[in-house]
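To keep things clear, I will list the structure first and then write my remarks on it.
Laboratory data are not the source of any read-out in this text; all were calculated from the coordinates shown. Remember, predicted model here, so these are calculated numbers, not experimental data. Glycine gets a Cβ as well: all are built from the backbone with ideal geometry, and neighbour counts include every protein chain shown.
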Amino acid sequence: MKNFPITKDNGQQRIPSRRSFFGLVGGAAAVGALAACGDTGGSTNAGASSSTSTTKASGSSGTTASSAGATTTTKAPNGDLDTAMFAASLEVLAVGTYGAALDAAGAGKLGAVPPAVAEFVTKAKADHQAALDKWNGVIKAGGKTAVTEPPKKLKATVDAEFAKVKDVTGAAELALLLEETASATYLKAIPTLKDKAAIELAGGLQVVDAQHVSVLLFVLGRYPVPEVFAGTDKAAAPG
Amino acid sequence: MDSPPGEKDRIMLNEPMLEVLLEESSDLHADAMRDTRPSVARLEEWRRDVGTSLPTTEQVSAMSTARAEASSSLAKSLAAAGLLTGGIAAVLLGVVASPAAADKPLDIQILQTATSLELLAIAAYEAALGLPFIADGNAVVKKFAETTKSQHMQHREAFAAQTKALGGTPQTEPNAKYLAIVEMEKPKLLTPADVVKLAATLEEVATDTYLKNLSLLTDKDSIELTASIMGVECQHLATLRAVGALLAGGDEGIALIAIPTDVAKLPAAAGSVATPKPFEEPDMASPPAEGAVK
C-alpha cells in the first residue's frame, strides 16, 4: 500500500498471524504484470473439490452470459487479460473452498453450524461463482480459454490449512483469509488495469469481498471495519 | 428480521422535483454537446491523421491540448448536468480521456467531490452522536458511529492532501446535494433504525462514487487512494445493513448487536443481508463535479 500523506493509525490492532498467512502474499510483482497464471493440472482435494462448475469453452464472442444475468463484455487489453486470468483463478479457489466447507458441514465434520454461517457460506460461494463467470466472460471475449483451475501454490496452502479445520470457527478463519486476500488482490490490480469495464468489475468485486471480510470479522467476534485504509499487503502473487 | 435495509429502504426522492431536474439536465446535456462538438471533431481529425503509426512529439502535444480542452468542457458541462455517469457521457469521455497526459482538472474535481462526501459523512455521524438514543443507546452502535466518524475524518484529510498534491484547492464544504437531504431527514430521525438507514444511504453513495471514479481518474496515486478508501466505506455499508436488519428484529435482534455476538442465535439472513449483490455497481454514484470547488 502506498503511503498516503496522513496517519493510518486508528488504534485498531492488526492481527500478526494474518499478515502473511499464505507466505505467498504481499510484496511480489504487480498483479498487472503477471503472465498468464491460470495454472492447469492442479490437484483436486479439499480446497477445490466442489462445484467449480466453470465452462471451458473458448471463443471471442463479444457477448457472454453470467450467473448474474446477460452482460456485454468488451475485449480487454492484453495486460488486463492477464489480470483477469489470475483473478479468475482466485475465484476458482474461493468457489472450491466454500464448496468444500459446505460439504464438510453437510457431513457433520464442523459440528453445529449456525444458520447465519451456513447462509453466509452459501451466499459467498454464489458471489464468487458469479465473479468467476464475469472474469471468464472477459477472458473468452479476449480470445482465451476460460480459467477453471486455482493458482497451484495458493491452493496447496489452502488445502493444508483446510485440513486443520475442525469447526465453524476454523472454517470462518480460513474464509476470512481468503476474502482478505481477494479484496487486497483486487485493490492492488485496479491501478494497473486499462479497460474501464475491467476496472469497474475489479472495483465492484473488491467491494463485495471486503464486505465478506466484515461479516466474517463480526461472526468471529471482532470489529467489522478495523482499518482506516484498505491495504494491499495481503494481495496474492501468482503461482 | 422482516425488513432488512436494502434498495427498497433508500431515502425516497421527491419525484416531481426529480422530473424538473431531469428536464434541466436534458437542456444542459444539449448545451454540453453543442459546446463540445468542435473539440471532439478536432480529436477525430487527429485520429484520422495519425492513423495507426506512432505519433510524433508534436502530435502528442497537440493531441493533449485538444483532449484537455474537450475533456474539461465536456466534464464540466455533463457533470453539472448530472449526466457524467450516463452511458453517452461514458462513451464520450472514453474518446477524450485517452492517456496522452493526466487529466488533472477532472481528477481534482473528483477529489474535491470525494472530500465533500467525507465532510458530509462526518457531519452526519456527528449529528447522530448528538441524538440521545445513539449517545445513550446500544454500545456497539455508538462505538461504530464514533469510529466511523474518525475514519471519515482521516479519509477527508487524505483526499484533501491528494487534491493539493495535484495543484487543486481542497474542498472544505460538505456535499450540498446530500447535505440538503440530511437536513430534510434530521427531524425524522426518531430511532436508531432511522439513523442507520440514512447512514447506509450516505455510505452507499460514497462507495458507488469512488467505484465509478476508479475508471475516470487518470492520476495513479489518486486511483490507489480512492480504491483504498472505497474498501472501507463499503465495509461501513455492510455493517450498517447488518445492524439495520438486527434492529428490525426487535429486542431479540438488538441484543445480538454486540461484539462478540451470539453467532448461534443470529438469524440466517444475517449471513447474506450485508452483501445483496455479487458485485457492487455504481448506480448511486455522484457526478465527478458535484462537490467541486466553485
**Q.** Centre separation in Å (Cα based) which lies between the stretch B:202-266 and the stretch A:162-213
**A.** 15 Å
Q) Ranking B:262, A:82 by Cβ neighbours within 10 Å, fewest first, what do you get? A) B:262, A:82
Q) Could you put B:221, A:159, A:167, A:209 in order, starting from the residue whose Cβ has the fewest other Cβ atoms within 10 Å? A) A:167, B:221, A:159, A:209
Q) Give me the log10 of I(q) over I(0) for the stretch B:103-271 at q = 0.12, 0.20 Å⁻¹, as the Debye formula computes it from C-alpha points; what are the numbers? A) -0.56, -1.23
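What list do you get for A:222, B:241 if you sort them by fewest beta carbons within 10 Å? Write down the numbers at each step before the final one.
Numbers: A:222 15, B:241 28.
Lowest to highest Cβ neighbour count: A:222, B:241.
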Q: Considering only lysines 8 or more places apart in sequence, or on different chains, count the pairs in the stretch B:103-271 whose C-alpha atoms sit under 13 Å apart.
A: 4
